[in-house]
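Reviewing the structure listed below.
Quick note: the coordinates plus some simple rules give every number you see, no bench work behind them. On a predicted model such as this, the values are computed, not experimentally measured, just so you know. Counting neighbours? That spans all protein chains shown, and the Cβs are built from the backbone with ideal geometry, glycine included.
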Amino acid sequence: MALTYKAYIDGRWVDPARRFEVRDPFDGAVIAEVADCDDAVVDAAIAAAARAFPAWRSRPGPERGKLLSQVAQRMLADERRLAELCTRENGKPIAESVAEVRYAASFLSWFAGEAERIYGETIPASHPGQRLTVIREPVGPCALITPWNFPYAMLTRKLGPALAAGCTVVARPAAQTPLCALALAELCDQVGIPPGVVNLVPSSDAARTAGRLIGARQIRKISFTGSTEVGKRLLRSCADDLKRVSLELGGNAPFVVFGDADVEAAVRGAMVAKFRNTGQSCVAANRFILEAPVAEAFTARFVAQIARLKVGRGSDEGTDLGPVIDDGAVAKLQKLIGDALARGAKLVHGKPPEGRSHVVAPVVLTGITPEMAIWREEIFGPVVALRTASDEADAIAQANDTDAGLVAYLYTRDGARQIRVAEALEAGMVGINEGLVSTAQAPFGGVKHSGLGREGSRHGIDDYTSLKYMASRIG
Ligand code: NAP
């Protein structure tokens, strides 16, 4: 039987007139019916966030941090249940869901600490008798819009710094995965985060809800994680009210393996960088660029590892790769593989997905060229695209041949090359002999079309604060 979930507004669970269905991506079964927030409900959430803001911002930072810590602790204490919920609505294997719950909780813990360290500064004045001071103030009520691929972590990476800074929030999770967000709201409620500080408005119509949030004068900032296309649209629509905007957008990560690399280490890194969440990650390795001397050895070892991956239902023991999220994801993979093969790519492992099953086994393609869509677009699935490079300069040029700039990976044993290439790569983050870069204490974010702002780290709080400078005449 499908469960029913309400929206969370002003500390109460609200049941609007309409609901929408949430489906298990593995078999399409309806697993829940969720409150479909209309304009009036979204407006009520905005009003609640605005009302709660003055008291929340006035609360001492350490107190706000303590509440965030308590939510993190409850997440960890309840990680199995939360992980099962994530696997149900997102499809990822249970071990990955457990890892996500821990990763998501780590943002709350990290920003609980940061709530105690929102420092200002004093500046030496040019005139005697003057004091120049700077404080950091919360930007105000924020709207948080999050995707389905990491339904806990993409929310806590915003919720943590927002609440730590003294902002209140209205969050709108992706329609495919609202249950994890609602479970988080429940924990916020249980630890006593005051009514109106956290509001959650699931809806079936993302553009409409976002429009309502952007149109509201009380909302002072939009933080969005999702595709570059939608991010650009939101940025444009925030111009009229000059809202602050943070954007964590799509990637097209190069994974460069140089001739002097430790091939075994590169393959281990590639497995993580490519296949986490069935390849549906913004930091997924999208374009493998192999220097000619290692191309053959790397490809052979990589394919051997890929051949061992078990694809299936996320809750089944031993599943390495869960389903992709929906029909659109399957169709996109079919299109990218078909285009690559038509333009001369070679299929060296697997076969193109047929029909509409969301269970997609890995596919490996070599002979990729820059005009192929698979080179230019985010693959977002378990499809590997391999290309060779003649030397370091060629590898860097290939890696930077994209509008995206989220993350890049490089494998080499040469210390000078590690620094030289990492600095030449146009990306907000670089993994050097490392296939997994995200962690709460490091700044996550991109350059070029991959976004604006940073999440995580001490810098993550900056996106939720404004500087106020005060010049005081004291004598
Ligand atoms: P998406 O279509 O842009 O959706 C992301 C969120 O925006 C969802 O909540 C979605 O709601 C909502 N949305 C969709 N259309 C909208 C509109 N017109 N106005 C306002 N909101 C709208 O992205 P996706 O394909 O689901 O997610 C994957 C993308 O996110 C990839 O490009 C990935 O790289 C990126 N991503 C980036 C990061 C990062 O940190 N840089 C992290 C994770 C994912 P509905 O789902 O209900 O339509």
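Summary table
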{"item": "Relative contact order %, region 312-447, counting alpha carbon pairs below 8 Å whose residues are six or more apart", "result": "16 percent"}
{"item": "Spatial extent of region 235-383: Rg and Dmax, with the Cα atoms as the point set, Å", "result": "16.8, 55"}
{"item": "Between 0 and 90°, nearest 10: helix 61-77 axis offset from the chain longest Cα axis", "result": "40 degrees"}
{"item": "Helix-derived mean residue ellipticity, 222 nm - over the chain, DSSP H n ≥ 4, -39500 (n - 2.57), to 500", "result": "-12000 deg cm²/dmol"}
{"item": "The chain - convex hull of the alpha-carbon atoms, volume per residue in Å³", "result": "151 Å³"}
{"item": "In Hz, Karplus ³J(HN,Hα) per residue of region 368-376 (6.51, -1.76, 1.60; θ = phi - 60°; x = Gly, Pro)", "result": "6, 10, x, 7, 6, 4, 5, 7, 8"}
{"item": "For Met154, Met470, Met271, order by how many other beta-carbon atoms lie within 10 Å, fewest first", "result": "Met470, Met271, Met154"}
{"item": "Cross-link pairs Lys243/Lys274; Lys6/Lys243; Lys6/Lys310; Lys6/Lys232; Lys332/Lys448 - those with Cα-Cα distance over 27 Å", "result": "Lys243/Lys274; Lys6/Lys243; Lys6/Lys310; Lys6/Lys232"}
{"item": "Average Cα contact separation per residue, the chain, under 8 Å, 6 or more apart, as relative contact order %", "result": "18 percent"}
{"item": "Alpha-carbon centroid distance for the pair region 281-340 / region 83-126, whole angstrom", "result": "28 Å"}
